[in-house]
Amino acid sequence: MASNLNLTAKTFKSLHKPHHPVILANVYDGISAKTIASLPSSKAIATASYAIAEAAGTSDEALTLEENIRATKIIASVIKDSGKPLTVDIQDGYGEQLEDSIKQVIEAGAVGVNLEDFDKERKQFYSASDAVDRIKRVLATATALGVPDFVVNARADALVYGGAFDEVVSRGHAFLDAGATTVFVMGPMDRPVPGSLTKEEIAKLVEAFEGRVNVTPGLLPTKEVAALGVSRISVGPGLQFAAVGAIKQAAEQTLDA
């Protein structure tokens, strides 16, 4: 099983191409995963912890490893026949549960993770050296489980918490050197689209990381973001926001009849 899973990991890693990025419509439960997996244009399946938390009736900050893995197993089960790679948002790796987190997502069938560099329990950043060490621990755990090509999408969240652009670049370089496939960068949360980046910022990140960067589209068309040279685009909880809006509209039309 491990060798087959590593073939899937290699396939997923190969999809990360600057200017021809893997585009991820993040899912959060069985029906969203089944729907996205059925689309020929969807090349891989990714979860979003915020959306998983909302679907579970909790918050992103309070989402436990157990709750996240429960959703991951459901998602992995419904997309199994599609053969599409699965990557899981494990937030910061749940502190000292990091190795167990990786073990459980691999056992569920995932071949990659998002890993944040902000310690959600202590409400502070991991030091650059600790964040690098955690990436190495993820990859060492995956290798020991037979998935050496496991994909780490390492979040550099300085901008999210009011930090400097230069800090993102510095930490991002260290993350890539540690074996991360891409650096995931989000912008400040007080923008019209929270976490979005400007065209100029994306271009600077592409140059700094030689395209090995993941961003969300924000207000920019996906094709325009791809043309800037990124290798990965994800929408986070965007699909869930759209789904909730559609459910609300349909319910109002029914209830107001």
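The values are calculated or read from the model by the stated rules, or taken from the named source; none is laboratory data. Source: prediction; values computed, not measured. Using ideal geometry, Cβ is built from the backbone for each residue, glycine included, and neighbour counts are taken over all protein chains shown. SASA here: full protein model, heavy atoms, side chains in, ligands and nucleic acids out. Shrake-Rupley method; radii C 1.70, N 1.55, O 1.52, S 1.80 Å.
Which percent of the accessible heavy-atom area of the chain goes to carbon and sulfur, probe 1.4 angstrom? Let's see the in-between values first.
Numbers: 6600 of 11900 Å².
Answer for the chain is 55 percent, counting heavy atoms of protein chains only.
Treating region 1-78 as a set of equal point scatterers at the Cα positions, no solvent, please give the Debye-formula log₁₀ I(q)/I(0) at q = 0.28 Å⁻¹.
Treating every Cα as an identical point scatterer, log10 I(q)/I(0) equals -1.23.
At a Cα cut-off below 25 Å, give the lysines reachable from Lys248, other chains included and same-chain residues fewer than 8 away excluded.
Lys34
Name the residues of region 19-37 whose amide N is less than 18 Å from a point 7 angstrom out from the Cα of Lys120 along the C-beta direction?
Correct set: 26-29.
Taking the Cβ-Cβ separation of Thr35 and Ala2 as r and a Förster radius of 30 Å, what is the calculated FRET efficiency to the nearest 0.05? Each step should come with its number before you reach the end.
Details: r = 29 Å, r/R0 = 0.97.
With a Förster radius of 30 Å, E is 0.55.
If Rh is defined by the Kirkwood formula over all Cα pairs and Rg also comes from Cα, what ratio Rg/Rh do you get for region 51-163?
0.96
Let me have the relative contact order for the chain, percent, based on Cα pairs under 8 Å that are six or more residues apart.
22
Determine the percent antiparallel among the DSSP beta bridges restricted to region 1-256, to the nearest 5.
15
Given R₀ = 35 Å, FRET efficiency for Met189-Lys80 by Cβ-Cβ distance, to 0.05?
With a Förster radius of 35 Å, E is 0.50.
Throw me the Rg/Rh for the chain, computed over C-alpha atoms with Kirkwood Rh, two decimals. Please list the in-between numbers first.
Details: Rg = 17.4 Å, Rh = 18.3 Å.
My calculation of the ratio gives 0.95.
Tell me the per residue accessible area of region 1-256 using a 1.4 Å probe; a whole number in Å² is fine.
I get 46 Å² per residue for this part.
Quickly rank 133-140, 48-55, 231-238 as a protection proxy: mean count of other C-beta atoms within 10 Å, highest first.
The densest-packed peptide leads the list: 48-55, 231-238, 133-140.
I'd like the distance separating the alpha-carbon centroids of region 63-118 and region 225-257, in whole Å.
If we compute the Cα centre of each part, the gap is 22 Å.
What distance in nm lies between label points placed 7 Å from Cα along the C-beta direction at Asp130 and Ala164?
Output for this residue pair reads 2.2 nm.
Put a dot 7 Å past each Cα toward the Cβ at Asp256 and Glu66; how far apart are the dots in nm?
For Glu66 paired with Asp256, the spin-label model returns 4.2 nm.
Can you give me the long-range amide H partners of Val151? Hydrogens built in the peptide plane at 1.01 Å from N, cutoff under 5 Å, separation of 5 or more residues or another chain.
Counting only residues 5 or more places away or on other chains, the set is Gly112, Val113.
Summing Lys, Arg as +1 and Asp, Glu as -1, what charge do residues with Cβ under 13 Å from the Cβ of Glu61 carry, Glu61 excluded?
Result for the neighbourhood of Glu61: -4.
Which of the lysines could be linked to Lys223 by a straight reach, that is with a Cα gap under 19 Å, when you skip same-chain ones fewer than 8 residues away?
Within reach: Lys17, Lys43, Lys199, Lys204.
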